[in-house]
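Data first, discussion second: the structure below is written as structure tokens.
The values are calculated or read from the model by the stated rules, or taken from the named source; none is laboratory data. Worth saying up front: this structure is predicted, and the values here are computed from it rather than measured. Note: ideal-geometry Cβ built from the backbone for every residue, glycine included; neighbour counts use all protein chains shown.
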Amino acid sequence: MMEQVKILIDLQEIMSKVRALQEEKRKVPLEVADLKALFEEREAKFLTAQQEFEQLKKDRREKEREIEEERDKVERAKAKLMSIKTNKEYYAMLKEIEQTKRTNTQREDELLAILARYEETEKREAEFHAEVDEVEGRYRERMVDIEARMGSFDKDIAVLDEKKAEVAKRLEKGLARRFEMIFDRRDGVAVVPARNQSCTGCHMHVSPQLFNLLQREDRIYACPNCNRILYYEAPVEEATGK
Ligand SMILES: [Zn+2]
């Protein structure tokens, strides 16, 4: 293989690494945003559940207090019955007691309805709380990784860039620049082998003349279709195994 092609292949490998690092670095803020959105979604769910449970607790306390108060009222009214002088007053008081008891039965039903939702709401709040904690833990853990990674991206890229400059120095003038242009335009693949009389970059057929020229390995040739730099790759002898 031509020395210049070997250098191009080395260069392509280094540049691909840089490209991969840059791509990874570009994705980091997106990942952080996704994690943050997930956390906020879970947090909102939890806060709603928490609010619901707090309201239920308040309703329960209120209802229990009302029932207690009304029971006291009944007890006081019953005690008062003893001291009542006239029948009319007596029956009026009895009626009031009955009325209070009836309202309280209604309150007790309401309390039961609250209690029926209580456990489930409490459980949901705890569940959502655990989910928020889980996402938050994951978020924090990932952020530690990400921050460490972000710190090393630029350093790693700088090291590779230095290596790239070193390798590129060994190329003929103009070829390095041309190579970089192809690399950018052809999605990070600028030098490819011609195999089975085809360009392995664009899979177009290579003319027999060009294929012959490639086999001479005396100068740089490009694919007429995709402009990638082509080199001849001798067919690997098939192992029949028989
Ligand atoms: Zn091609």
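Quick notes on this one:
- Selection from the stretch 163-197 of residues that are of a type outside the set (A, V, I, L, M) and within 21 Å of Leu213 (Cα to Cα): Glu172, Arg178, Phe179, Pro193, Arg195, Asn196, Gln197
- Subset of the stretch 160-180 (residues that are surrounded by 13 or more Cβ atoms within 10 Å (Cβ to Cβ) and in a helix (DSSP H, G or I)): Leu160, Asp161, Lys163, Lys164, Val167, Ala168, Leu175, Ala176, Arg178, Phe179, Glu180
- Residues that are more than 10 Å from the ligand (Cβ to nearest atom) and crowded, with 16+ Cβ neighbours inside 10 Å, drawn from the stretch 196-242: Leu210, Phe211, Leu213, Leu214, Ile220, Tyr221, Tyr231, Tyr232
- Residues within the stretch 155-175 that are within 29 Å of the chain's Cα centre (by Cα) and free of Cβ contacts under 8 Å to residues at least 60 places away in the same chain, tallied: 2
- The listed residues are Leu21, Leu11, and the only one of them that is under 25 Å from Arg138 (Cα atoms), surrounded by 15 or more Cβ atoms within 10 Å (Cβ to Cβ) and either outside the structural domain of Phe183 (by TED's automatic domain parsing) or among the acidic types (Asp, Glu) (or both) turns out to be Leu21.
- Some residue of the stretch 182-195 being more than 16 Å from the ligand (Cβ to nearest atom) and surrounded by 15 or more Cβ atoms within 10 Å (Cβ to Cβ): no
Results for (1) closer than 30 Å to Lys57 by Cα; (2) among the aliphatic types (A, V, I, L, M); (3) without any contact (Cβ under 8 Å) to a residue 60 or more places away in the chain, shown as yes or no for each residue.
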residue	(1), (2), (3)
Arg76	yes, no, yes
Lys85	no, no, yes
Ala92	no, yes, yes
Lys95	no, no, yes
Glu98	yes, no, yes
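- Looking at Lys27, Lys58, just one residue is modelled with pLDDT under 95 and out of contact with any Lys or Arg (no Cβ under 7 Å at 6 or more places or on another chain), and that residue is Lys27.
- Glu3 meets each of the listed conditions (1) at pLDDT 95 or above; (2) closer than 30 Å to Leu230 by Cβ apart from (1).
- Test result for Met143, modelled with pLDDT under 95 and part of a helix (DSSP H, G or I): yes
- Residues that are farther than 14 Å from Leu8 by Cβ and within 43 Å of the chain's Cα centre (by Cα), drawn from the stretch 195-204: Arg195, Ser198, Cys199, Thr200, Cys202, His203, Met204
- Sole residue being touching a Leu at 6+ places or on another chain (Cβ under 6 Å), within 18 Å of Met15 (Cα to Cα) and modelled with pLDDT of 95 or more, chosen from Val159, Val191: Val191
- Ala165 satisfies every condition listed in (1) of a type in the set (A, V, I, L, M); (2) more than 15 Å from the ligand (Cβ to nearest atom); (3) touching a strand residue (DSSP E or B) at 6+ places or on another chain (Cβ under 9 Å) except (3).
- Flag for Tyr91 being aromatic (Phe, Trp, Tyr) and surrounded by 13 or more Cβ atoms within 10 Å (Cβ to Cβ): no
- Considering residues of the stretch 94-135 that are of a type in the set (Ser, Thr, Tyr) and in contact with a Leu (Cβ under 8 Å, 6 or more places away or on another chain) only, the residue surrounded by the fewest Cβ atoms within 10 Å (Cβ to Cβ): Tyr118
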